[in-house]
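For reference, the structure is listed below as structure tokens.
The values are calculated or read from the model by the stated rules, or taken from the named source; none is laboratory data. These numbers were taken from a predicted model, which means no experiment stands behind them. All Cβ positions, glycine included, derive from the backbone under ideal geometry; neighbour counts span all protein chains shown.
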Amino acid sequence: MAGIDDRLWNEGVSPSDFCDATAKYQAAILEQYKLCVEMADRVSSRRNLTNTFFLTLNTAVVGALAVGSGAGLPHSSAWVLVAGLLILLAQCMAWYVMVRSYRQLNAAKYAVIGAFEA
């Protein structure tokens, strides 16, 4: 937390740098805080949208495989299932990487929010 505090607060700017020192300084800090909270909320919304997208995509692939294997495809049905499995695994890996990225991004944003609140 000390590393964030050092980078978050600029020693060169103080309340006396504003006309009405205390009020304007506090208003600027509050606006920065509100912006950080809003950005963190947007990242959470994007993460939820990503989860919905990948869940829908995986469901569609599984549904297509079920319909394809039930349709009695000739000798290639095993290859179709293997291809479908590979597609699902690739999608799950991409899903995991994206959700992990959103988690890291939100962790950093909430660390800054926590420093503001402290």
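Looking only at residues in region 80-118 that are within 15 Å of residue 4 (Cα to Cα) and aromatic (Phe, Trp, Tyr), which one is surrounded by the most Cβ atoms within 10 Å (Cβ to Cβ)? Checking each candidate, the answer is 116. Here is a check on your reading of the model: is residue 49 farther than 29 Å from residue 4 by Cβ, at pLDDT 85 or above and assigned to a helix (DSSP H, G or I)? No, not satisfied. Residues of region 11-27 that are modelled with pLDDT under 70 and part of a helix (DSSP H, G or I): 15, 16, 17, 21.
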